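Novice: Sharing a structure with you now.
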Amino acid sequence: MIYEVNLKVNGQDYKVEVPADEKLVDTLRDRLELTGTKKGCGVGECGTCTILLDGKPVSSCLYLTVRAEGKEIMTIEGLGDPDNLHPLQENFKDLQALQCGFCGPGIFMSAKALLDKNSDPSDLEIKEALAGNLCRCTGHVKIIDAIKATAAEMQGRVK
Ligand code: FES
Ligand code: FES
């Protein structure tokens with residue numbers, strides 16, 4: 001059975017027709033061509049597909065598109081762009097906190113959700129917020145440093 005679903009992604013309205021079992025990551029990437037959200041494992045274990053749904057981080061590979069009707073979705077495309085980076089992206093760039101970058105879109109979404117509710121997180125709180133995001137390249141140390149640098153900026157402290 002095909003369902004018509006109204007989606008709001010990065011402030012823009014979309015109408016899609018999807019089968020009942022279609023996952024949001026596939027709708028975003030294949031139907032809306034928002035390919036910034038990455039699909040790694042496809043089974044909820046790597047976090048590359050993390051998006052914000054009403055401000056909360058969600059694995060879009062596990063989330064049915066039909067359930068997203070009426071919710072606010074934010075993907076990496078809504079965070080910043082090359083000419084206007086989000087402070088998180090700026091700090092990740094300055095501190096070279098990513099290598100291959102595949103995990104980045106999911107990590108940015110988890111970090112944004114954290115900083116939106118806690119502008120001065122401890123190392124432990126950052127680690128807990130990123131518990132669902134795997135990075136196979138960096139060892140996570142610089143990722144945590146970049147999130148702390150962003151938090152420091154938000155607090156008006158020197159990086
Ligand atoms: S692709 Fe969704 S958690 Fe890995
Ligand atoms: S930078 Fe390569 S997986 Fe994180």
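The values are calculated or read from the model by the stated rules, or taken from the named source; none is laboratory data. None of these values were measured; they are calculated from a predicted model. A quick note on method: Cβ atoms are made from the backbone with ideal geometry, for glycine too, and the neighbour counts reach across all protein chains shown. Surface areas here come from the heavy atoms of the whole protein model, side chains and all, with no ligands, DNA or RNA. Shrake-Rupley method; radii C 1.70, N 1.55, O 1.52, S 1.80 Å.
Novice: Based on the Cβ-Cβ distance of residue 93 and residue 15, what FRET efficiency does E = 1/(1 + (r/R0)^6) give at R0 = 35 Å, to the nearest 0.05?
Specialist: Plugging the Cβ-Cβ distance into 1/(1 + (r/R0)^6) gives 0.50.
Novice: Is the shape of the stretch 40-99 best called rounded, prolate or oblate, per the rule: a/c under 1.5 gives rounded, else a/b larger than b/c gives prolate, else oblate, with a ≥ b ≥ c the square roots of the Cα gyration tensor eigenvalues?
Specialist: oblate
Novice: Can you list the lysines whose alpha carbon sits under 26 Å from that of residue 23, skipping same-chain ones fewer than 8 residues off?
Specialist: Partners found: 8, 15, 38, 39, 56, 71, 112.
Novice: If you don't mind, another one. In nm, what is the difference between 0.36 nm times the number of residues separating residue 116 and residue 84 and their Cα-Cα distance?
Specialist: Extending this stretch completely gives an extra 9.6 nm.
Novice: Now a separate question. Please identify the helices of the chain, taking whole runs of DSSP H, that span at least 15 Å along their own axis as judged from the Cα atoms and have a mean Kyte-Doolittle score of 1.6 or higher.
Specialist: none
Novice: Any idea of the accessible area per residue across the chain, 1.4 Å probe, to the nearest Å²?
Specialist: I get 53 Å² per residue for this part.
Novice: Take the solvent-accessible surface of the protein heavy atoms, probe 1.4 Å, and return the percent of it on the chain that carbon and sulfur atoms account for.
Specialist: Of all accessible area on the chain, carbon and sulfur atoms account for 48 percent.
Novice: A further question follows. Note down the accessible area of residue 140, probe 1.4 Å, to the nearest 10 Å².
Specialist: Spelled out: residue 140, probe radius 1.4 Å, area about 50 Å².
Novice: On to the next question. At what distance in angstrom do the alpha carbon centres of the stretch 74-140 and the stretch 1-71 lie from each other?
Specialist: Going from one Cα centre to the other spans 20 Å.
Novice: Given the options 138, 65, 37, state which has the largest fluctuation in a GNM of the chain using a 10 Å cut-off (strictly under) for Cα springs.
Specialist: 138
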